[in-house]
1. Within segment 299-311, identify whether any single residue is more than 15 Å from Ser269 (Cα to Cα), surrounded by 14 or more Cβ atoms within 10 Å (Cβ to Cβ) and under 27 Å from the mean Cα position of the chain (by Cα), and answer yes or no.
2. Step by step: first the residues of segment 111-145, then only those that are within 25 Å of Leu72 (Cα to Cα) and more than 19 Å from the chain's Cα centre (by Cα), then the one that is surrounded by the most Cβ atoms within 10 Å (Cβ to Cβ). Which residue is that?
3. Assuming Gln76 fulfils every condition listed in (1) surrounded by 21 or more Cβ atoms within 10 Å (Cβ to Cβ); (2) part of a helix (DSSP H, G or I) apart from one, which condition is it?
4. Can you pull out the residues in segment 360-380 that are among the acidic types (Asp, Glu) and outside the structural domain of Leu332 (by TED's automatic domain parsing)?
5. State all residues of segment 350-369 that are under 17 Å from Leu323 (Cβ atoms), surrounded by 18 or more Cβ atoms within 10 Å (Cβ to Cβ) and out of contact with any helix residue (DSSP H, G or I) (no Cβ under 7 Å at 6 or more places or on another chain); if no residue qualifies, say none.
6. Residues to consider are Arg33, Arg41; find the one that is surrounded by 14 or more Cβ atoms within 10 Å (Cβ to Cβ) and in contact with an Asp or Glu (Cβ under 6 Å, 6 or more places away or on another chain).
7. Determine which member of the set Gln60, Gln101 is of a type outside the set (Phe, Trp, Tyr) and either surrounded by 14 or more Cβ atoms within 10 Å (Cβ to Cβ) or at pLDDT 95 or above (or both).
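The values are calculated or read from the model by the stated rules, or taken from the named source; none is laboratory data. Being a predicted model, the structure only gives us computed values, none of them experimental. As a convention, Cβ positions derive from the backbone with ideal geometry for all residues, glycine included, and neighbour counts pool all protein chains shown.
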Amino acid sequence: MRIAPITCLRPAPEHASEFAALPYDVFTSQEARDYVKEHPRSFLAIDRPETGFDEHQDPQAEEVYAHAREVLRDRQLDQTLVRDEHSCYYLYELSTGSHKQLGLLGSISCDDYLEGKLRRHELTLPAKVEDRVRHITTVRAQTGPVFVAYKDSLAVDVILDAARMASPLYDFVSDDGVRQRVWRIAREVAVDAIGVAFTAVGEAYIADGHHRAAAAVRICEQRRAEGREQDPAEYFLAALFPASQLRILPYNRVVADTMGLDESALVASIEAQGFQCGDPQPDAIEPQEKGEFAMFAFGTWRMLKWCGADTDDPVASLDVSVLQDRVLDPVLGIRDPRTNERISFAGGVDAAELATLAGEEGIAFSLYPTSMDEVMAVADAGELMPPKSTWFDPKLLSGLALRRIW
């Protein structure tokens, strides 16, 4: 992998906790407005600039992107953001409960993306890419980092662990209860060592941020076409973590109704698709291994066990694919989960909350989480994951570093 240190805008230490925010795409429109109303100085006001207008405002209007630029300028004028002119990396640690992950904020070459060394597993939508292109070009900076997983490297681990011995630049607990710590790595010998160590890593994988990456690469290609050389847009902002440290939680499904089936007909239809259906249980249950699905319907829980033939297809073998292809489509009529309004998705919630979401009329399915090995296998095969396959937790914050490219 080709990575490089960054020069950036970043929050002054005393403002980091109030400025940094969860990524723009984890909020609904109303959630974003509510959050910015309560946190007017947060980065989300820049990342989702439509929050500065009423709910009838077209979020893709030119004045909306211009508003993001104005708020960014204001945060510099009031010294919420400071300019770090020295080229450096930032060590980024997230910890919650017993989980901890330690990675690096820096930049990745767009060529790694174009050459397939940075691998993708998610479909990108042109309208969403265009939104990020306009956002980047208007604010003149790459704002949210692309979340990247790389295959574990002992050499990288040793360097990053050594950097943790210094005092952190930031140390705070974010709104979602995650401890956020950031160290600045500016010594030339350490910066050079990191770059060398990553050249031996090989392939890496976009965990989250496919649209941000695609937008950054499009801007790079546009500027290449203009004949620009050694342009800052040749690289894009990224947060890189070893794959073994990442945690994926279940991305569960809730269907609004039973498609007119009573309990016995529902169970019989599912069994006919190749599942073993357990006895009804009053208490909430969750799958304990791949191939198990906990279903809540008609006020009780049942464990479903997939008994069909194994497949070498990395997409078809995913639990989310089995559920979609064997239950949601043929039994419940959810042919396209991207567009069907009868289905909703609940990432990282427990079984009790799922039952509440399903209510008396619906059905909830609790899934065993997709593994990072499965994500990498799909990406290595050049395939795409089904929608809503992974819920990475904890979520990275945006706004800890903004990389200027103009």
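1. Scanning segment 299-311 turns up no residue that is more than 15 Å from Ser269 (Cα to Cα), surrounded by 14 or more Cβ atoms within 10 Å (Cβ to Cβ) and under 27 Å from the mean Cα position of the chain (by Cα).
2. Our first condition is that a residue be within 25 Å of Leu72 (Cα to Cα); within segment 111-145, this holds for 127-145.
The next check asks that each one be more than 19 Å from the chain's Cα centre (by Cα); those that pass are 134, 137-141.
Working: Arg134: 16, Thr137: 17, Thr138: 17, Val139: 24, Arg140: 12, Ala141: 22.
This residue is Val139.
3. Answer for Gln76: the failing condition is (1).
4. Keep residues of segment 360-380 that are among the acidic types (Asp, Glu), which gives 360-361, 373-374, 380.
Asp373, Glu374, Asp380 - these are the residues of segment 360-380 that are among the acidic types (Asp, Glu) and outside the structural domain of Leu332 (by TED's automatic domain parsing).
5. Let us first name the residues in segment 350-369 that are under 17 Å from Leu323 (Cβ atoms), namely 351, 354, 357-358, 362-369.
Within this subset, residues satisfying the condition of being surrounded by 18 or more Cβ atoms within 10 Å (Cβ to Cβ) are 351, 354, 358, 362-367, 369.
Ala351, Leu354, Ala358, Gly362, Ile363, Pro369, listed by residue number.
6. On the way: Arg33 fails: in contact with an Asp or Glu (Cβ under 6 Å, 6 or more places away or on another chain).
So the residue among Arg33, Arg41 that is surrounded by 14 or more Cβ atoms within 10 Å (Cβ to Cβ) and in contact with an Asp or Glu (Cβ under 6 Å, 6 or more places away or on another chain) is Arg41.
7. Values: Gln60 fails: either surrounded by 14 or more Cβ atoms within 10 Å (Cβ to Cβ) or at pLDDT 95 or above (or both).
It is Gln101.
Residue by residue, here is whether (1) outside the structural domain of Ala149 (by TED's automatic domain parsing); (2) farther than 28 Å from Ala162 by Cβ; (3) in contact with a strand residue (DSSP E or B) (Cβ under 9 Å, 6 or more places away or on another chain) holds:
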site: Cys8; (1), (2), (3): no, no, yes
site: Ala12; (1), (2), (3): no, no, yes
site: Ala16; (1), (2), (3): no, no, yes
site: Tyr35; (1), (2), (3): no, yes, yes
site: Asp47; (1), (2), (3): no, yes, yes
site: Gly97; (1), (2), (3): no, no, no
site: Asp112; (1), (2), (3): no, no, yes
